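Here's the structure we're looking at; comments come further down.
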Amino acid sequence: MARGAAADSFTARQRKAVYRVRTAMRRSAVDYFRGGGSDRLALAGLLLTIPAITWGTIVSAVWFSPTALVLPIVAGGLLLRPASLLCLYAVAAAALIVESIALGPYAEGPARVTPGTVLVVAACGFFGLLIAQFRARVGVPWRRGGTMLFDLRERIRVQSALPRLPQGWHREMALRPAGGQSFSGDFVVAARTNGGRTLEVVLTDVSGKGMDAASRALLLSGAFGGLLGSLPPHGFLPAANGYLLRQDWDEGFATSIHLVLDLDSGDYELLSAGHLPALQLNAGTGRWEEKAAEGPLLGVYDGAQFDPVKGTLRPGDVLMLFTDGLVEASGRDISEGIDRLTGEADRYVAPGFEGAAWHLIEAVAKDVNDDRALLLLCRRP
(Lines give C-alpha, C1' and ligand atoms only; values in the text may rest on other atoms or scores of the structure.)
Protein backbone atom coordinates (compact mmCIF):
# COMPACT_ATOMS: atom_id res chain seq x y z
CA MET A 1 0.00 0.00 0.00
CA ALA A 2 2.81 2.36 0.93
CA ARG A 3 4.59 1.60 -2.37
CA GLY A 4 1.36 2.28 -4.34
CA ALA A 5 0.73 5.49 -2.46
CA ALA A 6 4.29 6.65 -3.18
CA ALA A 7 3.85 5.87 -6.86
CA ASP A 8 0.56 7.78 -6.96
CA SER A 9 2.18 10.71 -5.18
CA PHE A 10 5.09 10.73 -7.64
CA THR A 11 2.67 10.60 -10.61
CA ALA A 12 0.59 13.40 -9.12
CA ARG A 13 3.70 15.55 -8.65
CA GLN A 14 4.70 14.93 -12.26
CA ARG A 15 1.29 15.92 -13.52
CA LYS A 16 1.35 19.09 -11.43
CA ALA A 17 4.81 19.96 -12.74
CA VAL A 18 3.74 19.41 -16.36
CA TYR A 19 0.61 21.48 -15.75
CA ARG A 20 2.65 24.36 -14.29
CA VAL A 21 5.04 24.30 -17.26
CA ARG A 22 2.17 24.29 -19.76
CA THR A 23 0.41 27.11 -17.93
CA ALA A 24 3.58 29.21 -17.82
CA MET A 25 4.25 28.65 -21.53
CA ARG A 26 0.66 29.50 -22.46
CA ARG A 27 0.70 32.67 -20.37
CA SER A 28 4.02 33.78 -21.81
CA ALA A 29 2.73 33.19 -25.35
CA VAL A 30 -0.47 35.14 -24.67
CA ASP A 31 1.50 37.98 -23.06
CA TYR A 32 3.84 38.08 -26.06
CA PHE A 33 0.98 38.34 -28.54
CA ARG A 34 -0.58 41.08 -26.43
CA GLY A 35 2.65 43.00 -26.34
CA GLY A 36 3.37 42.45 -22.66
CA GLY A 37 5.57 39.36 -22.74
CA SER A 38 9.30 38.86 -22.96
CA ASP A 39 11.09 38.87 -26.32
CA ARG A 40 14.17 37.08 -24.98
CA LEU A 41 13.55 33.92 -26.98
CA ALA A 42 13.23 35.84 -30.26
CA LEU A 43 16.31 37.91 -29.39
CA ALA A 44 18.36 34.79 -28.61
CA GLY A 45 17.36 33.16 -31.89
CA LEU A 46 18.27 36.22 -33.94
CA LEU A 47 21.57 36.67 -32.10
CA LEU A 48 22.50 33.10 -33.04
CA THR A 49 21.80 33.72 -36.72
CA ILE A 50 24.32 36.57 -36.92
CA PRO A 51 27.44 34.43 -36.19
CA ALA A 52 26.09 31.80 -38.59
CA ILE A 53 25.72 34.37 -41.37
CA THR A 54 29.13 35.83 -40.58
CA TRP A 55 30.76 32.40 -40.73
CA GLY A 56 29.05 31.67 -44.05
CA THR A 57 30.21 35.01 -45.49
CA ILE A 58 33.83 34.38 -44.49
CA VAL A 59 33.80 30.81 -45.84
CA SER A 60 31.90 31.49 -49.08
CA ALA A 61 31.25 35.15 -49.76
CA VAL A 62 29.82 34.28 -53.18
CA TRP A 63 26.87 32.45 -51.63
CA PHE A 64 26.64 34.45 -48.39
CA SER A 65 26.80 38.15 -49.21
CA PRO A 66 27.76 40.58 -46.41
CA THR A 67 24.38 42.24 -46.94
CA ALA A 68 22.71 39.05 -45.67
CA LEU A 69 22.92 40.61 -42.22
CA VAL A 70 19.84 42.62 -43.11
CA LEU A 71 17.75 39.45 -42.69
CA PRO A 72 17.97 39.22 -38.88
CA ILE A 73 17.75 43.02 -38.71
CA VAL A 74 14.46 43.09 -40.62
CA ALA A 75 13.13 40.18 -38.56
CA GLY A 76 14.18 41.98 -35.39
CA GLY A 77 12.28 45.08 -36.47
CA LEU A 78 9.12 42.97 -36.60
CA LEU A 79 9.67 40.88 -33.47
CA LEU A 80 11.74 42.81 -30.92
CA ARG A 81 11.26 45.80 -28.71
CA PRO A 82 13.46 48.86 -29.32
CA ALA A 83 15.86 48.07 -26.44
CA SER A 84 16.42 44.49 -27.60
CA LEU A 85 16.70 45.73 -31.17
CA LEU A 86 19.62 48.00 -30.26
CA CYS A 87 21.40 45.00 -28.76
CA LEU A 88 20.88 43.10 -32.02
CA TYR A 89 22.22 46.06 -33.99
CA ALA A 90 25.37 46.17 -31.87
CA VAL A 91 26.07 42.48 -32.59
CA ALA A 92 25.38 43.03 -36.31
CA ALA A 93 27.80 45.98 -36.38
CA ALA A 94 30.45 43.83 -34.71
CA ALA A 95 29.80 41.12 -37.32
CA LEU A 96 30.36 43.63 -40.13
CA ILE A 97 33.69 44.61 -38.60
CA VAL A 98 34.74 40.96 -38.34
CA GLU A 99 33.73 40.33 -41.96
CA SER A 100 35.60 43.37 -43.23
CA ILE A 101 38.78 42.28 -41.41
CA ALA A 102 38.52 38.66 -42.55
CA LEU A 103 37.70 39.44 -46.18
CA GLY A 104 40.18 42.27 -46.54
CA PRO A 105 39.79 45.75 -48.07
CA TYR A 106 36.92 46.10 -50.55
CA ALA A 107 39.30 47.50 -53.17
CA GLU A 108 41.02 44.12 -53.52
CA GLY A 109 38.07 42.34 -55.17
CA PRO A 110 34.37 41.53 -55.12
CA ALA A 111 32.38 40.04 -52.22
CA ARG A 112 33.82 42.45 -49.70
CA VAL A 113 32.27 44.71 -47.10
CA THR A 114 31.88 47.94 -49.06
CA PRO A 115 30.56 51.32 -47.92
CA GLY A 116 27.37 50.43 -49.81
CA THR A 117 26.99 47.30 -47.70
CA VAL A 118 27.24 49.35 -44.52
CA LEU A 119 24.69 51.86 -45.84
CA VAL A 120 22.19 49.13 -46.77
CA VAL A 121 22.47 47.43 -43.38
CA ALA A 122 22.26 50.78 -41.57
CA ALA A 123 19.20 51.85 -43.58
CA CYS A 124 17.40 48.57 -42.83
CA GLY A 125 18.27 48.98 -39.18
CA PHE A 126 16.93 52.53 -39.13
CA PHE A 127 13.59 51.56 -40.63
CA GLY A 128 13.38 48.49 -38.40
CA LEU A 129 13.84 50.72 -35.35
CA LEU A 130 11.06 53.04 -36.53
CA ILE A 131 8.73 50.06 -36.94
CA ALA A 132 9.66 48.72 -33.49
CA GLN A 133 9.08 52.09 -31.83
CA PHE A 134 5.69 52.49 -33.49
CA ARG A 135 4.72 48.95 -32.49
CA ALA A 136 5.88 49.53 -28.91
CA ARG A 137 3.82 52.71 -28.73
CA VAL A 138 0.70 50.92 -30.01
CA GLY A 139 1.41 47.93 -27.75
CA VAL A 140 0.46 45.28 -30.33
CA PRO A 141 2.92 42.80 -31.86
CA TRP A 142 2.98 42.70 -35.64
CA ARG A 143 1.36 39.28 -35.92
CA ARG A 144 -1.50 40.20 -33.62
CA GLY A 145 -1.98 43.58 -35.32
CA GLY A 146 -3.22 42.01 -38.56
CA THR A 147 -5.59 39.77 -36.62
CA MET A 148 -7.01 42.76 -34.76
CA LEU A 149 -7.67 44.65 -38.00
CA PHE A 150 -9.42 41.62 -39.44
CA ASP A 151 -11.50 41.31 -36.28
CA LEU A 152 -12.47 44.99 -36.42
CA ARG A 153 -13.50 44.67 -40.07
CA GLU A 154 -15.68 41.67 -39.24
CA ARG A 155 -17.28 43.49 -36.32
CA ILE A 156 -18.20 46.40 -38.60
CA ARG A 157 -19.65 43.95 -41.12
CA VAL A 158 -21.72 42.21 -38.43
CA GLN A 159 -22.96 45.51 -37.02
CA SER A 160 -24.03 46.60 -40.52
CA ALA A 161 -26.10 43.44 -41.06
CA LEU A 162 -29.82 44.07 -41.21
CA PRO A 163 -32.12 41.91 -39.06
CA ARG A 164 -34.46 39.38 -40.63
CA LEU A 165 -37.81 40.80 -41.67
CA PRO A 166 -41.20 39.08 -41.68
CA GLN A 167 -42.68 37.59 -44.81
CA GLY A 168 -43.67 40.21 -47.34
CA TRP A 169 -40.57 42.36 -46.82
CA HIS A 170 -37.21 42.38 -48.62
CA ARG A 171 -34.08 44.26 -47.51
CA GLU A 172 -30.64 44.71 -49.01
CA MET A 173 -27.54 46.58 -47.93
CA ALA A 174 -24.37 47.29 -49.90
CA LEU A 175 -21.32 49.15 -48.62
CA ARG A 176 -18.20 50.01 -50.58
CA PRO A 177 -15.32 51.95 -48.97
CA ALA A 178 -13.23 54.49 -50.86
CA GLY A 179 -10.17 53.24 -52.73
CA GLY A 180 -11.06 49.57 -52.38
CA GLN A 181 -10.14 49.56 -48.68
CA SER A 182 -11.72 47.37 -46.02
CA PHE A 183 -12.83 50.20 -43.72
CA SER A 184 -15.40 52.86 -44.42
CA GLY A 185 -16.69 56.10 -42.95
CA ASP A 186 -20.24 54.97 -43.82
CA PHE A 187 -21.99 52.51 -41.55
CA VAL A 188 -25.42 51.15 -40.68
CA VAL A 189 -26.91 50.07 -37.35
CA ALA A 190 -30.30 48.39 -37.25
CA ALA A 191 -32.59 46.67 -34.78
CA ARG A 192 -36.13 45.39 -34.46
CA THR A 193 -37.82 47.07 -31.51
CA ASN A 194 -41.29 47.23 -29.97
CA GLY A 195 -41.48 43.47 -29.70
CA GLY A 196 -40.19 43.00 -33.24
CA ARG A 197 -43.03 45.00 -34.81
CA THR A 198 -40.82 48.02 -35.61
CA LEU A 199 -37.65 48.19 -37.69
CA GLU A 200 -35.21 50.97 -36.82
CA VAL A 201 -32.32 51.64 -39.19
CA VAL A 202 -29.69 54.37 -38.95
CA LEU A 203 -27.44 55.14 -41.94
CA THR A 204 -24.53 57.43 -41.03
CA ASP A 205 -21.84 59.14 -43.08
CA VAL A 206 -18.87 60.29 -40.97
CA SER A 207 -16.84 63.24 -42.23
CA GLY A 208 -13.80 62.13 -44.21
CA LYS A 209 -13.48 58.89 -46.13
CA GLY A 210 -11.77 55.52 -46.07
CA MET A 211 -9.21 54.90 -43.33
CA ASP A 212 -9.30 58.56 -42.21
CA ALA A 213 -12.91 58.18 -41.11
CA ALA A 214 -12.89 54.47 -40.27
CA SER A 215 -11.70 54.80 -36.66
CA ARG A 216 -14.38 57.39 -35.87
CA ALA A 217 -16.98 55.33 -37.70
CA LEU A 218 -16.08 52.28 -35.62
CA LEU A 219 -16.46 54.24 -32.38
CA LEU A 220 -19.74 55.81 -33.49
CA SER A 221 -21.20 52.54 -34.77
CA GLY A 222 -20.72 50.98 -31.33
CA ALA A 223 -22.23 53.98 -29.56
CA PHE A 224 -25.14 54.30 -31.99
CA GLY A 225 -25.82 50.58 -31.77
CA GLY A 226 -26.13 50.93 -28.00
CA LEU A 227 -28.46 53.93 -28.28
CA LEU A 228 -30.72 52.41 -30.93
CA GLY A 229 -33.66 50.75 -29.28
CA SER A 230 -32.68 52.03 -25.83
CA LEU A 231 -34.33 55.41 -26.45
CA PRO A 232 -37.63 56.49 -27.99
CA PRO A 233 -37.20 57.01 -31.76
CA HIS A 234 -37.36 60.82 -31.46
CA GLY A 235 -34.67 60.76 -28.79
CA PHE A 236 -32.02 58.93 -30.83
CA LEU A 237 -30.61 61.76 -32.98
CA PRO A 238 -30.46 64.30 -30.09
CA ALA A 239 -28.58 61.71 -28.00
CA ALA A 240 -26.26 60.91 -30.93
CA ASN A 241 -25.65 64.63 -31.44
CA GLY A 242 -24.72 65.08 -27.78
CA TYR A 243 -22.38 62.09 -27.89
CA LEU A 244 -20.61 63.46 -30.95
CA LEU A 245 -20.22 66.90 -29.36
CA ARG A 246 -18.60 65.36 -26.28
CA GLN A 247 -15.88 63.74 -28.42
CA ASP A 248 -14.53 67.19 -29.38
CA TRP A 249 -12.99 65.93 -32.63
CA ASP A 250 -11.38 68.29 -35.13
CA GLU A 251 -13.58 66.75 -37.83
CA GLY A 252 -16.44 66.00 -35.52
CA PHE A 253 -19.51 66.14 -37.73
CA ALA A 254 -21.53 63.44 -39.40
CA THR A 255 -24.75 63.11 -41.36
CA SER A 256 -27.32 60.52 -40.41
CA ILE A 257 -30.80 59.37 -41.38
CA HIS A 258 -33.01 57.39 -38.99
CA LEU A 259 -35.83 55.21 -40.32
CA VAL A 260 -38.60 53.98 -37.99
CA LEU A 261 -40.79 51.50 -39.89
CA ASP A 262 -43.93 49.72 -38.67
CA LEU A 263 -43.66 46.28 -40.25
CA ASP A 264 -47.38 45.59 -39.82
CA SER A 265 -48.85 48.69 -41.43
CA GLY A 266 -45.93 49.95 -43.53
CA ASP A 267 -46.12 53.40 -41.92
CA TYR A 268 -42.76 55.02 -41.27
CA GLU A 269 -41.01 58.11 -40.00
CA LEU A 270 -37.74 59.52 -41.28
CA LEU A 271 -35.56 61.76 -39.13
CA SER A 272 -32.53 63.34 -40.74
CA ALA A 273 -29.37 65.03 -39.46
CA GLY A 274 -28.14 66.87 -42.54
CA HIS A 275 -28.45 63.72 -44.64
CA LEU A 276 -29.59 63.36 -48.22
CA PRO A 277 -33.31 62.66 -48.67
CA ALA A 278 -34.60 59.13 -49.00
CA LEU A 279 -36.27 57.98 -52.21
CA GLN A 280 -39.59 56.14 -52.31
CA LEU A 281 -40.89 54.32 -55.36
CA ASN A 282 -44.67 54.45 -55.61
CA ALA A 283 -45.78 51.18 -57.17
CA GLY A 284 -49.03 52.74 -58.38
CA THR A 285 -47.49 55.58 -60.37
CA GLY A 286 -44.02 54.11 -60.99
CA ARG A 287 -42.41 57.39 -59.88
CA TRP A 288 -39.70 58.08 -57.32
CA GLU A 289 -40.48 60.64 -54.63
CA GLU A 290 -37.97 62.39 -52.37
CA LYS A 291 -38.60 62.14 -48.63
CA ALA A 292 -36.61 64.95 -47.03
CA ALA A 293 -36.66 65.49 -43.27
CA GLU A 294 -35.24 68.61 -41.61
CA GLY A 295 -32.32 68.61 -39.20
CA PRO A 296 -28.75 69.92 -38.80
CA LEU A 297 -25.53 67.93 -38.98
CA LEU A 298 -24.57 65.83 -35.97
CA GLY A 299 -21.83 67.31 -33.83
CA VAL A 300 -22.26 70.97 -34.85
CA TYR A 301 -24.20 72.54 -31.98
CA ASP A 302 -26.12 71.47 -28.90
CA GLY A 303 -29.90 71.53 -28.62
CA ALA A 304 -30.52 70.67 -32.29
CA GLN A 305 -34.07 69.87 -33.38
CA PHE A 306 -34.87 67.06 -35.82
CA ASP A 307 -38.29 67.21 -37.48
CA PRO A 308 -39.61 63.95 -38.94
CA VAL A 309 -41.29 63.30 -42.25
CA LYS A 310 -43.91 60.55 -42.46
CA GLY A 311 -44.88 58.12 -45.19
CA THR A 312 -46.28 54.69 -45.92
CA LEU A 313 -44.84 51.76 -47.83
CA ARG A 314 -47.69 50.02 -49.64
CA PRO A 315 -47.35 46.64 -51.36
CA GLY A 316 -44.91 47.02 -54.24
CA ASP A 317 -43.33 50.21 -52.87
CA VAL A 318 -39.58 50.59 -52.36
CA LEU A 319 -37.63 52.85 -50.01
CA MET A 320 -33.99 53.68 -50.77
CA LEU A 321 -31.47 55.25 -48.35
CA PHE A 322 -27.98 56.17 -49.52
CA THR A 323 -24.92 58.32 -48.78
CA ASP A 324 -23.57 61.21 -50.86
CA GLY A 325 -20.76 59.16 -52.38
CA LEU A 326 -23.38 57.46 -54.53
CA VAL A 327 -24.79 60.60 -56.17
CA GLU A 328 -22.23 63.36 -55.61
CA ALA A 329 -19.39 64.07 -58.05
CA SER A 330 -17.27 67.08 -58.97
CA GLY A 331 -18.79 69.12 -61.77
CA ARG A 332 -22.20 67.47 -61.36
CA ASP A 333 -25.23 68.56 -59.38
CA ILE A 334 -26.58 66.15 -56.76
CA SER A 335 -29.97 66.15 -58.47
CA GLU A 336 -28.34 64.76 -61.59
CA GLY A 337 -26.78 61.97 -59.53
CA ILE A 338 -30.16 61.17 -57.96
CA ASP A 339 -31.80 61.06 -61.41
CA ARG A 340 -29.13 58.67 -62.60
CA LEU A 341 -29.60 56.46 -59.53
CA THR A 342 -33.38 56.28 -59.94
CA GLY A 343 -33.03 55.63 -63.65
CA GLU A 344 -30.80 52.62 -62.95
CA ALA A 345 -33.09 51.46 -60.13
CA ASP A 346 -36.07 51.33 -62.51
CA ARG A 347 -34.41 48.36 -64.21
CA TYR A 348 -34.89 46.26 -61.06
CA VAL A 349 -38.60 46.90 -60.56
CA ALA A 350 -39.65 43.81 -62.52
CA PRO A 351 -37.27 41.34 -60.76
CA GLY A 352 -38.25 42.73 -57.36
CA PHE A 353 -34.87 44.34 -56.56
CA GLU A 354 -33.19 41.02 -55.85
CA GLY A 355 -29.43 41.71 -55.68
CA ALA A 356 -30.01 45.30 -56.75
CA ALA A 357 -28.05 47.20 -54.06
CA TRP A 358 -24.58 46.07 -55.07
CA HIS A 359 -25.31 46.35 -58.79
CA LEU A 360 -26.63 49.89 -58.39
CA ILE A 361 -23.37 50.98 -56.78
CA GLU A 362 -21.49 49.32 -59.64
CA ALA A 363 -23.65 51.11 -62.19
CA VAL A 364 -23.67 54.67 -60.85
CA ALA A 365 -20.56 55.00 -58.63
CA LYS A 366 -18.10 52.23 -59.46
CA ASP A 367 -14.92 54.33 -59.68
CA VAL A 368 -15.84 57.08 -57.23
CA ASN A 369 -13.12 57.77 -54.65
CA ASP A 370 -15.56 58.09 -51.78
CA ASP A 371 -17.40 55.81 -49.36
CA ARG A 372 -20.70 54.58 -50.76
CA ALA A 373 -23.60 52.92 -48.97
CA LEU A 374 -27.04 51.94 -50.24
CA LEU A 375 -29.98 50.44 -48.35
CA LEU A 376 -33.11 49.08 -50.05
CA LEU A 377 -36.39 48.15 -48.32
CA CYS A 378 -39.13 46.63 -50.44
CA ARG A 379 -42.65 45.68 -49.51
CA ARG A 380 -43.62 42.84 -51.77
CA PRO A 381 -46.93 42.96 -53.63
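Would you pick out the residues in segment 288-314 that are of a type in the set (A, V, I, L, M, F, W, C) and closer than 25 Å to residue 263 by Cα? Answer for segment 288-314, where residues must be of a type in the set (A, V, I, L, M, F, W, C) and closer than 25 Å to residue 263 by Cα: 288, 292, 293, 306, 309, 313. When segment 294-310 is filtered for residues that are closer than 13 Å to residue 234 by Cα and either hydroxyl-bearing (Ser, Thr, Tyr) or in a loop (DSSP other than H, G, I, E, B) (or both), the ones remaining, listed by number, are 295, 304, 305, 306, 308. For segment 56-75, indicate whether the set of residues that are open to solvent by 50 Å² or more (accessible area, probe 1.4 Å), among the small types (Gly, Ala, Ser), farther than 15 Å from residue 122 by Cα and in a helix (DSSP H, G or I) is non-empty. Checked against the condition, which is being open to solvent by 50 Å² or more (accessible area, probe 1.4 Å), among the small types (Gly, Ala, Ser), farther than 15 Å from residue 122 by Cα and in a helix (DSSP H, G or I), segment 56-75 yields no hits at all.
Applying the criterion of being part of a loop (DSSP other than H, G, I, E, B) and open to solvent by 10 Å² or more (accessible area, probe 1.4 Å) to the residues of segment 315-335, the residue that is nearest to residue 261 (Cα to Cα) is 315. The strands (runs of 3 or more DSSP E) located wholly in segment 224-282 that include 1 or more residues which are without any contact (Cβ under 8 Å) to a residue 40 or more places away in the chain and within 20 Å of residue 213 (Cβ to Cβ) occupy 267-273. Step by step: first the residues of segment 194-230, then only those that are closer than 19 Å to residue 379 by Cβ and surrounded by fewer than 17 Cβ atoms within 10 Å (Cβ to Cβ), then the one that is modelled with the highest pLDDT. Which residue is that? This residue is 197.
Would you mind finding the one in 48, 80, 41 that is surrounded by 14 or more Cβ atoms within 10 Å (Cβ to Cβ) and either touching a His at 6+ places or on another chain (Cβ under 7 Å) or of a type in the set (A, V, I, L, M, F, W, C) (or both)?
Unique residue meeting the criteria: 80.
The values are calculated or read from the model by the stated rules, or taken from the named source; none is laboratory data. Since we're looking at a predicted model, the values are computed, not measured. We place every Cβ from the backbone using ideal geometry, glycine too, and count neighbours over all the protein chains shown. For accessibility, only protein heavy atoms count, side chains too; no ligands or nucleic acids. Shrake-Rupley method; radii C 1.70, N 1.55, O 1.52, S 1.80 Å.
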